[in-house]
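In what follows, a structure is listed as structure tokens, so that the remarks can point back to it.
Every number here is computed from the coordinates shown, using simple stated rules; none is lab data. The model shown is predicted, which means the values in this text are computed figures rather than measured ones. Note: ideal-geometry Cβ built from the backbone for every residue, glycine included; neighbour counts use all protein chains shown.
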Amino acid sequence: MAKNLVSVTSKTTIRELAQLLSKKEFHAIPVIDTGRLRGIATTTDLLNYMLEQF
């Protein structure tokens with residue numbers, strides 16, 4: 001369990017998400033808006049998004 005929680009918001013760009021996932025070696029990051037959990041962004045979500053672009 002992480003002591004310093006890293007999260008993103010729904011306004012975080014795909015690029016920023018990719019940078020966090022690659023540099024922090026996470027496989028999932030919580031998406032939090034106004035103090036509420038809205039979802040979880042995963043490496044699989046990112047890969048699926050990238051595949052849809054090609």
Based only on other Cβ atoms within 10 Å, what is the fewest-to-most ordering of Val6, Val31? Val6, Val31
Magnitude of the Cβ-charge dipole (Lys and Arg +1, Asp and Glu -1) of the chain about the Cα centre, nearest 20 debye, reported as 220 debye
Lys24 and Tyr49 label points (each 7 Å along its Cα→Cβ direction) are spaced in nm at 1.4 nm
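Take the Cβ-Cβ distance between Thr34 and Lys3 as r, set R0 to 35 Å, and report the resulting FRET efficiency rounded to the nearest 0.05. All intermediate terms of the calculation are to be shown ahead of the outcome.
On the way: r = 23 Å, r/R0 = 0.67.
The pair Thr34/Lys3 has a calculated efficiency of 0.90.
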So how tilted is helix 43-52 from the main axis of the chain? Cα-based, degrees 0 to 90, rounded to 10. 30 degrees
So the compactness index of the chain, its C-alpha Rg divided by 2.2 N^0.38 Å, takes the value 1.13
